[in-house]
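Have a look at the structure below, then the notes.
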Amino acid sequence: MQQPEPPDAVLAVSDVLAVGVVHAAREAGLRVPEDLAVVGFDGIPFTSSLNPPLTTVEQPMYQLGARSVQLLLQRIRRPASPVVREVLPWTRVERASS
């Protein structure tokens, strides 16, 4: 944010990091979303009550964990089994930070 041409938007890899970006923006004298749009990734529930509420990409955390364990156990039982790649559904939750 100290660059001659600072970004006008940040997509953080997690909601927690996005909250840090919002705080850093405020410390730099920037307004969110007027000067800097911020979007997180996870869908952590408390981010809806922030000021401003955080726009996020919500992912099914429980399903991610459960499916990961299933695939890990399958790999342990059958090490030669093919690699499985899956994409679980996600949702963009637009709030006031963008």
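Could you tell me whether segment 72-95 includes any residue that is aliphatic (A, V, I, L, M) and part of a strand (DSSP E or B)? Within segment 72-95 (the criterion being aliphatic (A, V, I, L, M) and part of a strand (DSSP E or B)), the answer is yes, since at least one residue qualifies. Filtered by the rule that a residue be crowded, with 19+ Cβ neighbours inside 10 Å and among the β-branched types (V, I, T), segment 9-30 gives V10, V19, V21, V22.
Residues that are free of Cβ contacts under 8 Å to residues at least 24 places away in the same chain and either among the small types (G, A, S) or touching a His at 6+ places or on another chain (Cβ under 7 Å) (or both): does segment 42-60 have at least one? Yes, segment 42-60 has at least one match.
Number of residues in segment 51-63 that are of a type outside the set (F, W, Y), out of contact with any Gly (no Cβ under 7 Å at 6 or more places or on another chain) and open to solvent by 50 Å² or more (accessible area, probe 1.4 Å) equals 3.
The rows are residues; the columns are (1) small (G, A, S); (2) at pLDDT 95 or above.
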site: Q3; (1), (2): no, no
site: P7; (1), (2): no, no
site: V10; (1), (2): no, yes
site: G20; (1), (2): yes, yes
site: H23; (1), (2): no, yes
site: E27; (1), (2): no, no
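Condition check for A66 on (1) assigned to a helix (DSSP H, G or I); (2) in contact (Cβ under 8 Å) with a residue 40 or more places away in the chain; (3) surrounded by fewer than 16 Cβ atoms within 10 Å (Cβ to Cβ): one failure, at (2).
The values are calculated or read from the model by the stated rules, or taken from the named source; none is laboratory data. Here the structure is a predicted model, which means the values were calculated and not measured. Cβ coordinates were reconstructed from backbone atoms using ideal geometry, including for glycine residues, and neighbour counts include every protein chain displayed. Areas reflect the complete protein model, heavy atoms only, side chains present, ligands, DNA and RNA absent. Shrake-Rupley method; radii C 1.70, N 1.55, O 1.52, S 1.80 Å.
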